[in-house]
Structure formats: C-alpha cells, structure tokens
1. Could you say whether any residue in the stretch 302-319 is surrounded by 18 or more Cβ atoms within 10 Å (Cβ to Cβ) and under 18 Å from the mean Cα position of the chain (by Cα)?
2. Residue 208 is checked against (1) under 22 Å from the mean Cα position of the chain (by Cα); (2) within 28 Å of residue 282 (Cα to Cα); (3) open to solvent by less than 30 Å² (accessible area, probe 1.4 Å) and fails just one. What number does that condition carry?
3. Quick one: in the stretch 221-234, which of the residues that are in contact (Cβ under 8 Å) with a residue 12 or more places away in the chain and in a helix (DSSP H, G or I) is most open to solvent (accessible area, probe 1.4 Å)?
4. Could you tell me which of the residues 267, 239 is of a type in the set (A, V, I, L, M) and buried (at least 17 other Cβ atoms within 10 Å of the Cβ)?
5. Do you know which residues across the stretch 359-386 are in a loop (DSSP other than H, G, I, E, B) and over 19 Å from residue 312 (Cβ atoms)?
6. Is it the case, given these coordinates, that residue 246 is touching a Leu at 6+ places or on another chain (Cβ under 9 Å), at pLDDT below 95, of a type in the set (A, V, I, L, M) and not in a helix (DSSP H, G or I)?
7. It is to be established whether one or more residues within the stretch 167-182 are under 23 Å from residue 268 (Cα atoms), in a helix (DSSP H, G or I) and among the hydroxyl-bearing types (Ser, Thr, Tyr).
8. Is there any pair linking a residue in the stretch 288-316 that is in contact (Cβ under 8 Å) with a residue 24 or more places away in the chain and charged (D, E, K, R) to one that is in a helix (DSSP H, G or I) and surrounded by 11 or more Cβ atoms within 10 Å (Cβ to Cβ), with Cβ under 6 Å and at least six apart or on different chains, and which?
Amino acid sequence: MKHTIFLLFSLIPTLYSLKDRVREYQSIPFTQKEIDDVSAVMHEVSGTVGGNIIRPFQPERLWLWRCWSGTVLQQTLPSVAINMGATMLLVVWIRRLTGASWPVGLKPNASHPLIARLALFEQAWKYLVTLTTFTMTFFLGEAFVLWKRVYSIGRQIQGGLNDISMLLATHAARNDNGNYTPESQLLLDNVAMNIRTFHTLLWASCSRHHRSLLTPQGLDLMVQRGLLTQTQLDTLLKLNLPVTQLHNAILEWIVIQTQQAKRNGQLIGDTGFEKIFLEKCCTLRGTYATIGDVVDGRMPLAYVHMVQLSVDTLLFFAPLALYSELGAFSIVSVGILTFFFGGLVDLAKVLLDPLDNEDYCQDSVKIDLSVLIRESNDGSRRWKNGAAILPFSLSNYN
C-alpha cells in the first residue's frame, strides 16, 4: 500500500502542463512591469549592433564638469540641500540663543559658554573624521575591485564563447575547395544559435533587467525571434531544472553536439582538439558559475552597516562641530562634506551593484549586459564567416 501511494505521488508532476512547469520552476519573482517590458528587453539583446558596455567619458575637465546624469552629483545633491538647510536653521537658532554680537561672516565669540562647549565637541568630531576617511577610502577601493571583477568575468565568458566558435570553425569538415560541407555548415549554424541562446539565458538568470526573458512570455518571444526553436523550448521545459539554470542545459547540448559531430565526420580533429575543446567548455562553466558567488559575497552586511553609520554620524554632527570655528560658513562646509563623504559612500554602494539589480542609482556605473550579449551574438557568426572561404586549396595538403 505504501509503495502504491508513493508511486501515485511520484506521477503527479507528469500531469502538469508545460505552463505549470514553467511556473513551478520560477525561483525569482516577476513584477507585472517586467513582464510588460519583455519585448523591449528582447529588442535590446537581439541583433549584433554594438554599443557601450559602460558609459564612456572624455578626459577634458570642462566636459566632466558638465556631466550630470548618472553621476554622484545627481545622486547626492538632494542630501546636500537638506543638510545645508538644516545647518542654516541651526545657525539661526544658535545666534538667537546666544544673542550673537559678532557679525554673520566672522568667527563666533570663543568666550561664550555655548561656543566654548562646541569647540570641545569639535575636537572629538575630528577623530571621527579621521576614522571615517580611512574606512571610506578602503570601502570604496574594495567596491571598485568587485565591480572590475564582475566586468572581467563577463569578458572572460565572452572570450570563452569566441574560443569555442573559432575551434569549431577551424576544425569543421571541408571539401577540396576549402568550403564547409553542408553537414558541417549546419553544425556550425546550430552551435552558433545555441551559443546565442546560452549567453542570453545566462545573463537573464543574473540580471533583474533581463529576467523577464525567463517568463513564459519571454521564452515564447525567444522562439519567435529565432533564439530558440519550439522543440528546444519544449525540451527545456521538460527538464527538472529551474528557469535560472536552463543555460547549463544549453552548454551541455553544445558539448554533446560537438562530440557527435566528431564521430560523424563533421569535425576533423584528433584527441588534442577534443581535449582543448572540453577544457574550454569546462573553463567557461567554471567562469560563469562564479558570477553568483562574487555578487553574493560582495560585502558583509556588518561592514556596509558600519560604514553607513560612520558617514551619517559624521555628517549629522558636522553642523555643531564646525560652528565654533566657521560660524555661518559652516552651512557651505556641511554641504561640501555631504557631497564628498555622502557621495563616496553612494558611489561605493553603486559599484557593489554592477549588474544594476537594485536600481540604487539610475543610469550610473552599471555594466550594460545587452551590449555584451549583442557582441557575443556577432561573435557566434564571425568565426564561421571568417573561415568560410580559404585562399588555398586543401587538396595541396593531402
């Protein structure tokens, strides 16, 4: 009886429709806006037109000063205005409380009891400035290291896919004129499509902006745009894999196709070719598998929390600490400190989100994965086309 019940429960998943399986596999939430934007995302990743993977800059000083969108200035200016306004109110309150006899633009009277106490407070505040400066500098450096590492991983994945395409194009079977045989050309076309599909699904599993491609609507649209065949999609949905891991199956298909093509004579090569090809595929797998590890371990919460507390405490007490020396000019000084200390911590947090999954600062230092995907789309065709015609006859080398 127990075995019968177990068997019945084991058969339940087979009763699901493909649509139910897609919903079951979804391990990340999708908002309605993301589903509605799937066509726009599909347009971004389609084709081979390049672009800028990161925002370019010009080194001229005037050009940099004119920048606004996506800069720390745009992100920090509201905080600067709020802190300067709060400091102005504090200055007015202190002048009324002390019955200030000194002009607005001069240093406050150090003999006044309140001013003397604020001067002592300034000495303690300066220790916090030193500590925060050191911590903030190191924090920003570590954030930039992580950003560069994710960018490097993306380029390594792209390079690995180009290696695979080049190896297959140069080892494809040819006739005596040096042209691809019909069978080898079909193989290269199939592998090229799988490479484009793999790369798109890979980044869709990592990037919030592209994850709408993993919805049923997104997968259907990929079929319509030629990134997937209906047979491939049906096969993927039958696999016991979450949608965020479907790219792994595509890579396995590439390896299996290549092995079978070598046995069928569509690829010409000895064990050395096979060894290098498998090494490239395994290296590629190991490289893209580190994306999640790097992003998950980007920075401990306690570290980020401590840096944020240090900066906020520094800026919160800055108006009181600076008034005894600067008077009304502390308003401007607090604005400058807010911009640089607050701006640096904001910049670090943006760098810690290289895939723009948190949308903390719009159009800032994110890596444009759509450009990376389009470049890879071009690479999947480039190597096949580059070796399609040879300037010599292979019969001379027989």
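1. No - not one qualifying residue is present in the stretch 302-319.
2. Answer for residue 208: the failing condition is (3).
3. 234
4. Working: 239 fails: buried (at least 17 other Cβ atoms within 10 Å of the Cβ).
It is 267.
5. Residues of the stretch 359-386 that are in a loop (DSSP other than H, G, I, E, B), as a first pass: 359-368.
If the condition is that a residue be in a loop (DSSP other than H, G, I, E, B) and over 19 Å from residue 312 (Cβ atoms), then 359, 362, 363, 364, 365, 366, 367, 368 are the ones that fit.
6. Working: touching a Leu at 6+ places or on another chain (Cβ under 9 Å): yes; at pLDDT below 95: yes; of a type in the set (A, V, I, L, M): yes; not in a helix (DSSP H, G or I): no.
Spelling it out, it is not the case that residue 246 is touching a Leu at 6+ places or on another chain (Cβ under 9 Å), at pLDDT below 95, of a type in the set (A, V, I, L, M) and not in a helix (DSSP H, G or I).
7. If we filter the stretch 167-182 for residues that are under 23 Å from residue 268 (Cα atoms), which is where we start, we get 167-182.
Filter once more, so that each one left must be in a helix (DSSP H, G or I): 167-171, 182.
Narrowing the set further to residues that are among the hydroxyl-bearing types (Ser, Thr, Tyr) leaves 170.
Yes, the conditions are met somewhere in the stretch 167-182.
8. 298/146
The values are calculated or read from the model by the stated rules, or taken from the named source; none is laboratory data. Remember, predicted model here, so these are calculated numbers, not experimental data. Every residue, glycine among them, receives a Cβ derived from its backbone with ideal geometry; neighbour counts consider all protein chains shown. We work out accessible area using only protein heavy atoms, side chains counted, and drop any ligands, DNA or RNA first. Shrake-Rupley method; radii C 1.70, N 1.55, O 1.52, S 1.80 Å.
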